[in-house]
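Participant: Below you will find the structure I want to go over with you.
What follows is calculated from the coordinates using simple rules that are stated; it is not laboratory data. Nothing here was measured: the structure is a model prediction, and the numbers come from that model. Using ideal geometry, Cβ is built from the backbone for each residue, glycine included, and neighbour counts are taken over all protein chains shown.
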Amino acid sequence: MAINTNDMTLERKYLDTYRFMIREYEQVKRKEHPVYKYVEELYKGWGTNRKSFLKYYNRFKQGGGQEADLLPRKRGPKYKTRRPVRFIENKVIELRQKGASKHEIVNILKPSLHKFTPSPSGVYNICRRYGLNRLTPPLKENKRKIIKERMGQLGHIDCHHLGKNIIKGQSRKLYLVCLLDDHSRLAWSEVTEDITALTVMFATLKCLNRLHDHYGITFEEILSDNGPLGLASEAASKRSTIPLNECSWNWASHTAIPNPIVLRPTARWSASGEP
């Protein structure tokens, strides 16, 4: 059977129906209708409601009597009216070019944009619009540039809260202080009862000594996303007997690092059971 896309039968029937309804409606308003006295009776006789009819009637009158105003229009927002502002799109593009995923981009932008932060699907739509939805080799290289080339070049230190039922016989709140080598993914952790600066300092000192004694790792830099934790780590390095070569400490916020997921190695390590 041939498909005739130029058949306007439904459109003609739609327009004929509304022409008839408008003519009768105006007769009732002029009190000239032979059957109906009130418009409510007219709506009931048509099997429609006031709101639906007046929407098309008012549009027809405001448009100067154009029959095209009687046809249904496309519903929903107009094209391009709900896109984020250019400033947000530029931020998303900049972070995507550094290799960040859509969830990482949302976490980075949320502290500064608050309620205007695009959703992960919105970030994906922006990336797709500019051809960045798939990671190209240069983007993959940017994503991996924080991974170092040798042991001891960069370490990550972080704390993780342990549930009360993880350690048998313990009902207190415990914490895990972990130091992880960025290249080899070797990690050493110490269980602490709190995460005050002094406690974390001694736990970090143990981690530094253990990794050095067992694996011969001497860190050049250690990265932390927590200021007090970094201060405790710096104090531990000064008290350590390990020959650190001008070890420098970087305090980084989630908004300054291309891949903030790397800043949470302890949570991933403790969840998987392996580095």
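Participant: At q = 0.10 Å⁻¹, what is the base-10 log of I(q)/I(0) for the stretch 1-136 according to the Debye formula with one equal point scatterer per Cα and no solvent? Please give it to two decimals.
Facilitator: -0.63
Participant: Now for a separate question. Based only on other Cβ atoms within 10 Å, what is the fewest-to-most ordering of GLU67, GLU104, GLU149?
Facilitator: Fewest-to-most ranking of GLU67, GLU104, GLU149: GLU149, GLU67, GLU104.
Participant: Write down Rg/Rh for the stretch 104-189, rounded to two decimals, with Rg from the C-alpha atoms and Rh from the Kirkwood relation over Cα pairs.
Facilitator: 1.13
Participant: Could you list CYS159, CYS178 so that the one with the fewest beta carbons within 10 Å of its beta carbon is first and the one with the most is last?
Facilitator: CYS159, CYS178
Participant: Checking a compactness column here: for the stretch 9-70, what do you get for Rg(Cα) / (2.2 N^0.38 Å), N being the number of residues?
Facilitator: Numbers: Rg = 11.7 Å, N = 62, 2.2 N^0.38 = 10.6 Å.
Ratio of Rg to 2.2 N^0.38 Å for the stretch 9-70: 1.11.
Participant: Specify the inter-centroid distance of the stretch 57-77 and the stretch 89-138, based on alpha-carbon positions, in whole Å.
Facilitator: Here the two parts' Cα centres lie 39 Å apart.
Participant: Among the lysines, select those whose C-alpha is under 16 Å from the C-alpha of LYS37, and discard any that sit fewer than 8 residues away in the same chain.
Facilitator: LYS29
Participant: Here's a follow-up. Could you put HIS114, HIS161, HIS33 in order, starting from the residue whose Cβ has the fewest other Cβ atoms within 10 Å?
Facilitator: Fewest to most other Cβ atoms nearby, the residues stand as HIS114, HIS161, HIS33.
Participant: To the nearest 0.05, how large is the calculated FRET efficiency for ARG59 and HIS114 if R₀ is 51 Å and r is the Cβ-Cβ distance? Walk me through the numbers before you get to the answer.
Facilitator: On the way: r = 38 Å, r/R0 = 0.75.
Efficiency computed from Cβ-Cβ geometry: 0.85.
Participant: Moving on. In the structure displayed, which of LYS55/LYS80; LYS51/LYS74; LYS78/LYS110 lie more than 23 Å apart, Cα to Cα? List each step's numbers first, then the result.
Facilitator: On the way: LYS55/LYS80 25 Å; LYS51/LYS74 18 Å; LYS78/LYS110 27 Å.
Violating the 23 Å limit, Cα to Cα: LYS55/LYS80; LYS78/LYS110.
Participant: Additional query: Return the ratio Rg/(2.2 N^0.38 Å) for the stretch 86-144, where Rg is computed over Cα atoms only.
Facilitator: Normalised Cα radius of gyration, the stretch 86-144: 1.03.
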